[in-house]
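Presented below is the structure to which this report refers.
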Amino acid sequence: MTRLAWWLIRAQFLSRRSATALSMLAIALGVSLGYAIHLINAAALADFAHAMKSVQGEPDAIIAPRDSAGHVPRALIDEIARDESVALVAPVIETRVRLGRDSTAVRLIGIDVFSAAVLMPSLLPRDGAPASGGILDGGLYASPTLLDNLGLKVGAGATVIRGESRWETPIAGDLPALAAGEALLVADIAWVQAHFGPHAGVGELRVRLMPGSRAEAWRAAWAKRLPPGLDIRAAADNAARIANISRAYRVNLNVLALVALLTGAFLVFATQLTAVAQRSTQFALLGVLGLPPRMRLLQVLFEGVAIGLPGSALGLTLGYALAVMFTRVIGGDLGGGFFAASTPTIVPELLPGLGFLILGCGASLMGALYPAWLNRIQPLAQALKTGFAQRPPGDAPRTLHGRRVMLLAIVAVIPVLTRLPAIDDLPLAGYAAIALVLVLGIAAAPVATRLAFGAMARTTLPAPLRIAVQNVLQAPLMAQVAASGLIVSFALTVSMVTMVASFRTALDQWLDTVLPAPHYLRSKGLPLPRELLAALELPGTPFVRVERMATGSLSLDPRRPPVALLVRELDRADPGARLPFSGPVLTTPNGEITVWVSEAMQEVHGLRTGQTLHLPLLGRDIEVVVGGVWRDYARQFGAIAISATDYRELGGRFEVTDLALWPHPGSEDAARRWLAAEAARHGIESAESADIRRLSLSIFDKSFAVTYALEAAAMLIGLFGLAVTLAASVWLRARELATLSALGFDRAMLARAVVFEGALIALVGLALGLASGIAVGAILTHVVNPQAFHWRMPLHVPWTQVLPIALATLLAGMLASRFAARQATALPAAHVLAGAQ
Amino acid sequence: MLSVVGLGKRHSGALRPLFSELRLAVGSGEVVALVGESGVGKSTLLNCIAGLEQADSGEIRIGPDALDMHRLDETARAALRAARIGFVFQAFHVLPTLTVAQNIAVPLLLNRAPPAEHGERVESLLRRVGLAGFGPRWPALLSGGELQRVAIARALVHRPALILADEPTGNLDPRTADEVLALLLERVREQQAGALIVTHSRHVAECCDRILTLTPDGLECAHPAGPSQGGRSHHPEPHGGEPTSPPALGRGLGGRVVQ
Ligand SMILES: Nc1ncnc2c1ncn2[C@@H]1O[C@H](COP(=O)(O)OP(=O)(O)O)[C@@H](O)[C@H]1O
Ligand SMILES: [Mg+2]
């Protein structure tokens, strides 16, 4: 019996090489995408966790200010050091500096050599702290990557600059234990503090507890005693934070991979369905000869696995290659911009690989399920006489009724799903709604084909066309399958271009409002030199207007990435002049501290305009009023804007990091020259708004490049499904066509009829695909994007892209049916009619 | 080999039954012709006997332990067919994607015969049906007569108790038809199987041991009047049909025997 199964599989594959190979490829594509995403991400996270561990050590607790401008007060350090469970406290100050003229910002970590030797040995030269000339004497240790990047050597002098402070000191050693790619400087904490602050405390405290103490209980106890501006967390929380950063992006990519896998399953479905139809006589014969009925089912399933297994295996190999290639070319963040500049090593693992193998085989098996069932229930004697029966005997109106009820239920459920909130920060209900829209689209295919062809049948058509229409009305299965393949692939394409176009249009408009000035000066989070700021105050500069901004960050939730704090020179009476508000804006009395939060903040923390909010600002717990919600596509994890006046009143230091500049009308060239000179002198970055805009859009386009590739793949798969099913439907009618030609229809007429049929099917598929595609696009823009990425935007259907794709698909469909018709009518009619088999 | 008692069948939607209370038997080594007008239900009767269609009443027993085909489920019927029935069709029905030898070996695979025997049994049958050396060929390149020989070899290879043939020579020219038929009868008798052959050909019917005519009123039985080619050594007692019809009462048109 297994031998027979094997013979049949081999014969099937040999006789339909291209269909089988393409089904395998489609499965391979899905598996490889999923596996590659998994590998890259696992490697990037491992890489990041490793790097973090080598810099952070493995403390039992980390105490840090929640405001990036805050500090851990000295008194608290002493108090914690006296706690009897504490074995060691390691104070750390981390800041960002520039080295000499170089404009890149570098991490400078100030450590206490003795505690660091225990807790963070990677931050010291391998042989421990040298007796003299080391950082205790005011030297620096630099990581090998940094030395390489800057072309420096141990022993060379360096100028460390932050804002006004300059510190000239030699590089006393390197840090070979640090992971490659890590660019940082280490100095003694006292020297760092003396030059760059904070003077009243340290930046962070890392705590090692006595052996045997219960870290969690200890952290919980201290959490209650800490002053409001401080946070206590486990080292693992930091890792979780990192994983959370890219999670939504990753899940979204995985959903895309799943979609690719599903289209692969569809292709298996189309291939196997046509295979079953074409071999119905053979299977009937085998049944007569005594093949057990369940083998008719199993055989088709075997064939599904026989497609899925090599396909998945190929997918794994491809996925690995893709992962290696991607990390080399784009980096470990898959173009998402999360883990800058890391090139992680890809390590294939057995278990996930096995998982993806099973997933691929499962998808293939799923595709073979319905064809297998249809094969199982073919009535033997009848199939032997008249071939494939499309409808199972006794497809009662009862099942039709059930189907109608189910469709109505789906229609009712979709709007409910789109209103459900994210689950665990993931838009699971949104994804489910998308799946249901696609199911609905496919389920509508039979009705739509019947309507379209029924309408055609009522018109007066030339005889061959009428015969083709009649044929589809009588035996609609292949037409339905062809249409549903197009529905899914076109829906996916339309939804993707719609989502991307909506986003891009919104981003474009957003850039207009957030970049009001022609020129910007930025220093990557470092304070701008006071000299420069003073120069701008002098009369005679070529600028009419200069607006200053300072950036910081606040940690509102230890397990989430910190949110950005933007201190801006805003007109409190009219913040809308600078912030693109998406809802109402409150005018609050002057005494109240007002902040304006980004949509991500609104989404994550459930904020409303007018609500009060407690912020850990400047080491205190400060009550503020939400004055409005603005759109921000730059900071996915949220941003809070506060006016510089309010911030100063709270006692904050307005350390300017960014400038927006408006030149005097007529002196644009002078302004440009002035900025270029200052930027070069201070090692900062000057950009024109047009450049920033161009750069932003190009980053956007790059990060959606993967989607375009997937769209193309989906369209190809849909088209191929159409071609396969059309060819099969023509093949199944070879005898009928031969009869017609014996009756006097000429070949061209018959071919035209088949092309007409193909075009009508393609039209039905495209129309339904367009409708479901726009629906899916709307769910993506209105539900998935806000929930996963906290980005809101209006829907924008790019007809200039959608319609040409539709037209091209229609033409390709007609071409495919023309090809199928050619093949069927090319056989000598007499040969077909004799019907040797 | 085959005994059918009280068989009745009415297609769903049909006004009157195709046949009812049908009774017939085929003995070991006996070849029975089944004739009748087109549409009278010959193929349906064969399908019922093979368990491809469900009869409405009656019993069908094939082979020594005489299981009732009716009472079996689909899987058991398939197994019974695989073990005890060989089928030959008018339209040959040879699997185009398997070689001649593989086609013939299919029943052996279905019966889980030891693979070591396959080659030998297939070869010897190929020789006996006059197709020695045709094993590795593809069916598409064979003539109709050759294809039907392949089908006959396939129907015999697993030594079934009963051969059912539905107009096996209907698609062949008269000369080839004669050859193929002679071959079929010879092999059936050699293997001591029973055979029920549906045919429209008077000549074919005359070559059989017995002729049954299916009419809308039931089965009528007659012994062929013409020179009987087979069954000389063991002329069996009439096993069935309308039991007491005397042999060779008369021959109507087209070999139809009328009482
Ligand atoms: N599946 C079916 N459903 C309904 N009627 C059928 C079916 N199969 C055959 N028939 C009818 O039963 C009658 C006998 O058919 P068949 O057994 O093929 O006749 P024949 O004696 O020519 O082989 C015919 O009238 C045919 O129309
Ligand atoms: Mg018949």
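Things to note:
- The mean count of C-beta atoms from other chains within 10 Å of the C-beta of residues in B:91-102, rounded to a whole number, is 5.
- Shielding by partners, peptide A:370-383 (average Cβ within 10 angstrom, other chains): 2
- Whether the range A:712-837 is rounded, prolate or oblate, judged on the alpha carbon gyration tensor where a/c under 1.5 counts as rounded: prolate
- Protection proxy ranking, peptides A:804-814, B:85-95, A:16-26, average beta carbon neighbours within 10 Å, highest first: B:85-95, A:16-26, A:804-814
- The antiparallel fraction among DSSP beta bridges confined to the protein assembly as shown stands at about 70%.
- Shielding score for B:31-42, defined as the mean number of other chain Cβ atoms within 10 Å: 0
- Of the trypsin sites (Lys or Arg not before Pro) in the range A:68-105, the ones in a loop by DSSP (not H, G, I, E or B) with at most 16 other beta carbons within 10 Å are A:Arg101.
- Separation of alpha-carbon centers, the range A:133-179 and the range B:151-224, rounded to whole Å: 101
- Taking each DSSP H run with n ≥ 4 as -39500 (n - 2.57) and averaging over every residue of chain A yields -19500 deg cm²/dmol at 222 nm.
- Point-charge dipole on Cβ atoms (K/R +1, D/E -1) for the protein assembly as shown, about Cα centre, debye to 20: 2920
- Bridging of B:Lys9 to lysines at a Cα separation below 28 Å is possible for A:Lys385, B:Lys42, once same-chain residues fewer than 8 apart are set aside.
- Taking all Cα pairs closer than 8 Å and separated by 6 or more residues, the relative contact order of chain A comes to 17 percent.
- Highest average first, the peptides A:561-572, B:107-118 ordered by how many other beta carbon atoms sit within 10 Å of their residues are A:561-572, B:107-118.
- Cα gyration tensor category, rounded, prolate or oblate, for the range A:575-716 with a/c compared to 1.5: oblate
- GluC sites (Glu not before Pro) restricted to the range A:529-566 and DSSP loop, no more than 14 other C-beta within 10 Å: none
No lab work stands behind these numbers, since they all come straight from the coordinates. Bear in mind the structure is a predicted one, so any value in this text is a computation, not a measurement. Virtual Cβ from ideal backbone geometry, glycine too; neighbours counted across all protein chains shown.
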